[in-house]
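Q: Quick one: this structure, given as structure tokens, is what I'll be asking you about.
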Amino acid sequence: GCVLVVSVIEQLAQWHNSTVKAAMERLCNYIPGKYQIIHHIIDREMNADVVCHSLKLCKQDPGQPLCHLYPPPKVSCFFTFFKATDCGRTNASIFFYFLPLQKSFMGFSSVCAFPLLANLCEKIKYVMRNKLPFEDFDGDKFSTFPTLRGYHWRGRDCNDKNTTVYPGRRPDNWDVKSDSNCNGIWGVDPKDGIPYEEKFCKGADSQGVMLLGDSAGAHFHIPPEWMTVTQMSAKSFANLPMAFTDELDWPQFSEITGFLNSTIGGWTDSLYLRLRRRNRCNHRDLQNISQNGMLTAYLSFSLARNQLLDNPAIVIYATIGNDVCNGNRDTLAHMTTPKEMLSNVVQALQYLDSRLPNGSHVILTGLVDGRFLWDNLHDRYHPLGQLNRDITYSQLYSFLDCLQVSPCSGWLTPNETLRNLTSERALQLSNVLKEIARSEKFANFDIFYMDFPLRQTAEEWHKMGGEPWQLIEPVDGFHPSQIAAALGTSITWQKALHEWPQVLGKENPFNDQIEAIFKDQGGH
């Protein structure tokens, strides 16, 4: 974190030909007021690694390698500088403005110690851990608030004071008097006295879409303009509060449950939007129960589904990488084994069978072949390295690996043998999923398997004139980009349409009439 912040400040000073102090003030003016924490400046003659070690925000543990993102500066005392000698005093000057940077960073860990914030912190931790909305007055697991696991993650509640009103339920008495399932269809047609819900949605195979996944499914994204000084402005950070309260995830634009027009590049296309177009009665029936770092062994479910009262659902089960990805030095030893995968997934499916209404569907998604990442990014410049052409993804991966915080030591490495072994394990785990789909039977849903469509996505993007690296998130160099998510939706939909048409349900012949009535009533 320190290296990132100091890098941005140094590059802002360079780009605007200003002092480091002015660059710091510029950055603080960009960031919304309550997030301004950058208050410690250092001479630009030293790079960010040296600065952060001198502030003791970075350290070298005994017996551990010296981790650095930038090439060592050409000064004789570089290595002794990291050992807290007096050498650095003649090469760099530290100026104290406002609050010290190290106190700002350290303050994050102690902010929850304040009595007034302790309960709030505990509630937020509970929300994150259990993937439940922070603001949910009636306790039905749906919210009218967008972030903190609100309606960016699940369909928006239309009455947060009534626990029997929520997206996805079967209509109460055909919703003659009120909208019990939040799809916007209720009341009675004055021409014939038939409830609109009965007229338009009866026998329409209404169903929701749910995702049980990891950070790729949650759609993890760090905006590159946050650290690309040539693009940086106050507008760049306008979405910072929303991004933090959504855990740096953007489920509202994601491949499975996206429903808003993308503001992070590319376009939004999702399984939910396509199911909604196919049957307008499916409006708002979505749940994204994904979490950064999620493995099959830790899928703790917070599904909001009542077997007796709610519509069936399509459940996408997609942990596409974390079972082989970790930041450990002995990464192979920490990967999920095929035996563990079988046990974890069968246990999860048994849980789903106890919760999903009859007539539901489950699609197991195979693991990705992550060799695509190194092959297409390792020699390209990271956003932090674009100004001076000094940081490649290979350097970033090595830095994260040295710190033992790499998102995937097995794939983000120059070691080709290790990359191949990681892909081999990923294929073994995918084959476990494939066999489960072939052999296991459940009472309330049928089950299907599909490979993660990376190869088809890359081929389709190539036909459109794109480059493979554009399918990867530029900042973390690991997750699928917005473009990849949208193209993946199209490929998944076509596969389902041709191979499992029963999963998607039939097209509602009344869609145009529903939209016409909405338009006549001002969109309500």
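The values are calculated or read from the model by the stated rules, or taken from the named source; none is laboratory data. Please read these numbers as outputs of a predicted model, since none were measured by experiment. Cβ sites come from the backbone with ideal geometry, for glycine too, and all protein chains shown count toward neighbours. Note: accessible area is taken over every heavy atom of the protein model, side chains too, but ligands, DNA and RNA are not part of it. Shrake-Rupley method; radii C 1.70, N 1.55, O 1.52, S 1.80 Å.
Q: Between GLN470 and ASN173, how high is the FRET efficiency from 1/(1 + (r/R0)^6) when r is the Cβ-Cβ distance and R₀ = 56 Å? Nearest 0.05.
A: Details: r = 51 Å, r/R0 = 0.90.
So the FRET efficiency works out to roughly 0.65.
Q: Which of the following values of semi-axes √(5λ) of the Cα gyration tensor in Å was calculated from the structure shown: (i) 48, 33, 21; (ii) 48, 40, 20; (iii) 45, 27, 21?
A: (iii)
Q: Sticking with this structure for a sec: For segment 267-418, with all protein chains present and a 1.4 Å probe, just round the carbon and sulfur fraction of the accessible area to a whole percent. Please list the in-between numbers first.
A: Numbers: 2820 of 5750 Å².
Ligands and nucleic acids excluded, carbon and sulfur give 49 percent.
Q: Tell me which residues come under 5 Å, amide H to amide H, from HIS382 once H is placed; ignore anything under 5 positions away on its chain.
A: Amide H neighbours of HIS382: ILE391, THR392, TYR393.
Q: Moving on to the next point. So what is the relative contact order for the chain, in percent, with contacts set as C-alpha pairs under 8 Å and at least six apart? Intermediate values should be presented prior to the final figure.
A: Details: 939 pairs, mean separation 74.0, N = 524.
That works out to 14 percent.
Q: Roughly how many Å² is the accessible area per residue of the chain, as a whole number, for a 1.4 Å probe? Spell out each step's value before the answer.
A: On the way: 24170 Å² over 524 residues.
That works out to 46 Å² per residue.
Q: Return the calculated 222 nm mean residue ellipticity for the chain, to the nearest 500 deg cm²/dmol, obtained by summing -39500 (n - 2.57) across DSSP H runs with n ≥ 4 and dividing by the residue count.
A: Numbers: 18 runs with 185 residues, N = 524.
Calculated mean residue ellipticity at 222 nm is -10500 deg cm²/dmol.
Q: Here's something else I'd like to know. Once Rh is set to the Kirkwood radius over Cα pairs, what Stokes-Einstein translational diffusion coefficient, in µm²/s, holds for segment 408-524 at a temperature of 37 °C and a viscosity of 0.692 mPa s? Before the final figure, lay out the partial values.
A: Details: Rh = 18.0 Å.
The diffusion coefficient I find is 182 µm²/s.
Q: Among ALA22, ALA218, ASN358, whose Cα projects farthest towards the positive end of the dipole of the chain, with charges put on the beta-carbon of Lys, Arg (+1) and Asp, Glu (-1)?
A: ALA22
Q: I'd like the carbon and sulfur percentage of the solvent accessible area for segment 107-250, probe radius 1.4 Å, heavy atoms only, ligands and nucleic acids excluded.
A: Working: 3850 of 6540 Å².
Carbon and sulfur atoms account for 59 percent of the accessible area of segment 107-250.
Q: Next question. With +1 on the Cβ of every Lys and Arg and -1 on the Cβ of every Asp and Glu, and nothing else charged, how large is the dipole of the chain about its Cα centre, in debye rounded to the nearest 20?
A: On the way: 49 positive and 56 negative charges, 138 e Å.
So the magnitude is around 660 debye.
Q: Using Cα atoms only, what is the angle between the long axis of helix 101-110 and the major principal axis of the chain, expressed in degrees (0 to 90) to the nearest 10?
A: 40 degrees
Q: At 7 Å along the Cα-to-beta-carbon direction for both LEU260 and LEU120, put a label point, then send me their distance in nm to one decimal.
A: About 2.2 nm, to one decimal.
Q: Compute the distance in nm between two label points, each set 7 Å from the Cα along the Cα-to-Cβ direction, one at LYS59 and one at LYS191.
A: For the pair LYS59/LYS191, the computed spacing is 7.6 nm.
Q: Sort 339-346, 117-124, 510-517 for me by packing, meaning the mean count of neighbouring Cβ atoms within 10 Å per residue, highest on top. Don't skip to the answer; put the middle values down first.
A: Working: 339-346: 17.0, 117-124: 12.2, 510-517: 15.1.
My ranking of the peptides, most packed first, is 339-346, 510-517, 117-124.
Q: To continue, here is another question. Using a simple spin-label model with points 7 Å from Cα along the Cα→Cβ vector, what separation in nm is obtained for GLU135 and LEU418?
A: 4.5 nm
Q: Take the Cα coordinates of segment 299-411, assign each an equal point scatterer, and use the Debye formula without solvent to give log10 I(q)/I(0) at q = 0.11, 0.22, 0.23 Å⁻¹.
A: Log10 I(q)/I(0), no solvent term: -0.55, -1.17, -1.24.
Q: Right, here's the next one. Output the peptides 199-205, 149-155 sorted from most to least packed, where packing is the average of other Cβ atoms within 10 Å over each peptide's residues. Before the final figure, lay out the partial values.
A: Values: 199-205: 17.6, 149-155: 26.3.
Averaged packing, sorted descending, gives the order 149-155, 199-205.
Q: Go through LYS141/LYS177; LYS21/LYS235; LYS123/LYS235; LYS125/LYS161 and tell me which ones have a Cα-Cα distance over 28 Å in this structure. Don't skip to the end; give the middle numbers.
A: On the way: LYS141/LYS177 23 Å; LYS21/LYS235 21 Å; LYS123/LYS235 31 Å; LYS125/LYS161 24 Å.
Long pairs (Cα-Cα over 28 Å): LYS123/LYS235.
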